[in-house]
Amino acid sequence: MAGHPPKPPKQPTETPKKQWSMADFEIGKPLGKGKFGRVYLAREIKSKYIVALKVIFKEQIEKYKLQHQLRREMEIQTSLRHPNVLRLYGWFHDSDRIFFILEYAHGGELYKELRKTGHFSESQAATYIASLAQALAYCHEKNVIHRDIKPENLLLDHEGRLKIADFGWSVQSKTKRHTMCGTLDYLAPEMVENKAHDYAVDNWTLGILCYEFLFGAPPFEAESQSDTFRRIMKVDLSFPSTPVVSTEATTLISQLLVKDSSKRLSLQKIMKHPWIVKYADPTSICSK
Ligand code: AMP
């Protein structure tokens, strides 16, 4: 199961969209297990194109009444085309399973890299944050708020380029949202309080991730959920003395972890921030 870089499965423009089925794929090693299914390495037989096939059992989706959410994930992710957003090429289903044909991220989870090394260097962290800012700017332009950006949802391709995956919680909206969702440590104060929220929740998460990339743990981590809630609400932010990081980095984090969502640094300003300019590797950041 080798062969890179792959070409997307061909889709004739004049004929109706191809109906994929299991008969079109050879299945390889398991890549991982998620909440609702498993992901396998796979190869489209005709084109030899390597993909990741995500298998989800319909029974599970029905049990948790997630049909609408799943459809939203599929629609959003198929419509997005950005080098830092994992492609969803298509999907198909049989009597009891749904299959997602996904871009294969050879480098696996960013989270695993972070745990392996403890923390990233400033240039690695800045490159990831700049890639995320570019991808989020693109998503926001399309009225998509991800809302569940966390290291587990960030994958790396064969060149170490960051890919945002898992649009399970994302929402396409022009108005402020009111539903409580996401993972505690990465939640913005307005989400913790279950208040209306908008695009600025993703900017807050960039601040959390930047901190975690540099120091190895999210800033408001605590023994209990209620302590984390309290720390988020107070924006109880402090920087460890080790590893030593530049003041530009701590300044950027402090400009993103701002309680008033309208005062958080915009994605455009992140891209021009002295820390990004100084440390991010421009050759691995893709604009559109
Ligand atoms: P998920 O169900 O999306 O949470 O995926 C479960 C795990 O499978 C992830 O944590 C990754 O380790 C792996 N995985 C998911 N999608 C891909 C992909 N496109 N390429 C490589 N590995 C993946």
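A few remarks follow.
- Gaussian network model of the chain, Cα within-10 Å springs - most flexible of Asp24, Asp166, Asp198: Asp24
- GNM remark for the chain: springs join alpha carbons under 10 Å apart, and the peak mean-square fluctuation among Val244, Val235, Val192 falls on Val244.
- Violating pairs (Cα-Cα greater than 28 angstrom) within the set Lys46/Lys116; Lys35/Lys234; Lys142/Lys263; Lys54/Lys112: Lys46/Lys116; Lys35/Lys234
- Compactness index (Cα Rg / 2.2 N^0.38 Å), the chain: 1.03
- Coarse-grained scattering of region 188-263 at q = 0.26 Å⁻¹, given as base-10 log I(q)/I(0) from a Debye sum over alpha-carbon atoms: -1.33
- Ordering Arg264, Arg115 from the fewest to the most neighbouring beta carbons within 10 Å gives Arg115, Arg264.
- Among His197, His68, His106, the largest mean-square fluctuation in a Gaussian network model of the chain, built with springs joining Cα atoms closer than 10 Å, belongs to His68.
- Once both labels are positioned 7 Å from their Cα atoms along Cα-to-Cβ, the gap between Lys48 and Gln268 label points is 4.6 nm.
- Loop GluC sites (Glu not before Pro), region 181-288 (other Cβ atoms within 10 Å of the site Cβ: 14 or fewer; DSSP): Glu193, Glu221, Glu223
- Here Thr247, Thr228, Thr78, Thr242 are placed in order of increasing Cβ neighbour count within 10 Å, fewest first, which gives Thr242, Thr247, Thr78, Thr228.
Values in this text are rule-based calculations from the coordinates and carry no lab data. Every value quoted in this text rests on a predicted model; they were computed, and no experiment measured them. Ideal geometry is used to build each Cβ from the backbone, glycine not excepted, and the neighbour counts take in all protein chains shown.
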